[in-house]
Amino acid sequence: MLIRDFIRLTTGSIMAQRMRSFLTGLGIAVGIAAVVLLTSIGEGLNRFVVSEFTQFGTNLIGINPGRVTTMGTPLGILGTVRLLTLGDAEALRRVPHVNAVIPWIWGNAEIEGGRKRRRTTVYGVGPEMPFAFRIKVSTGRFLPADDPDAPRAFAVLGSKLRKELFNSANPLGQRIRIGGDRFRVIGTMESKGRILGFDMDDTVYIPTTRGLELFNREGLMEIDILYSEGASVDEVVAGIRRVLTTRHGKEDFTITTQQQMLDVLGRCWMS
């Protein structure tokens, strides 16, 4: 069959069944448009999440108590997980290429200040947190490097919490209560907005030891490590594993690099 005859036959068939041809073409067009739209939305959301996740940098490593993977035996049969401690955090400073170590504890508590009261997120952190996570202080200063066993009762307010409690008044030097304990405000943070659903402005930062006392916990919830740009992440991870295994007697912790977190996000979007 000549191409000319094929075109004539096809055109005749379409013209003979105009409505059916129109509906078929419309269905194909809608299907293609839906696929393109969903793909574009997924890619856009993926880029948004990745940009949110990496705005703190890409040379961070998180350490959590307990192992994510198991050997098929309930943990309770073999014993309990050893907690991460401030001593572990200090020991990790000896790992090559480590620039900052941030011990974390967090929870929710009632804040009272400026004759106002509200509940918000309280972070117990180390003094290097703004440096490691690229967060700037707006007024005053961040938590100083006090004696970790007896830190002073200092607090740094997020920008939203500062406005909620003190409006336009200067909060520096003011006394606030966090969970019933008295703290003195020494600084406020610049606005950071919401990151992956967490409002970084509606927060208050206190020393880690004070956070452990406030929430009645014996161990840290996480230790974050900032390592040098260009350093081998595998070398840093090996150093972390060596130090903590020596201190704990076994590998009862989980080390997660930022690249591993991004890989998980990528697999989630691909699926």
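For this structure, a couple of remarks:
- Some residue of region 146-167 being farther than 23 Å from residue 64 by Cβ, among the basic types (Lys, Arg), in contact with a Pro (Cβ under 6 Å, 6 or more places away or on another chain) and not in a strand (DSSP E or B): yes
So that you can scan it fast, the table gives a plain yes or no per residue for (1) closer than 27 Å to residue 67 by Cα; (2) in contact with a Pro (Cβ under 6 Å, 6 or more places away or on another chain):
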residue	(1), (2)
188	no, no
191	no, no
194	no, no
202	no, no
205	no, no
208	yes, yes
216	yes, no
234	yes, no
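- Residue within region 173-196 that is of a type in the set (A, V, I, L, M, F, W, C), in a loop (DSSP other than H, G, I, E, B) and at positive phi present: yes
- Options 145, 155, 150; residue that is without any contact (Cβ under 8 Å) to a residue 60 or more places away in the chain and closer than 22 Å to residue 225 by Cβ: 145
- Members of region 165-177 that are out of contact with any Asp or Glu (no Cβ under 8 Å at 6 or more places or on another chain) and either in contact (Cβ under 8 Å) with a residue 60 or more places away in the chain or of a type in the set (D, E, K, R) (or both): 174, 175
- Criterion violated by residue 162 - all others in (1) buried (at least 18 other Cβ atoms within 10 Å of the Cβ); (2) over 16 Å from residue 205 (Cβ atoms); (3) of a type in the set (D, E, K, R) satisfied: (2)
Every number in this text was worked out from the coordinates using simple rules, so none of it is lab data. This one's a predicted model, so the numbers in the text were calculated from it and none came from an experiment. Note that we place each Cβ from the backbone using ideal geometry, even for glycine, and neighbour counts take in every protein chain shown.
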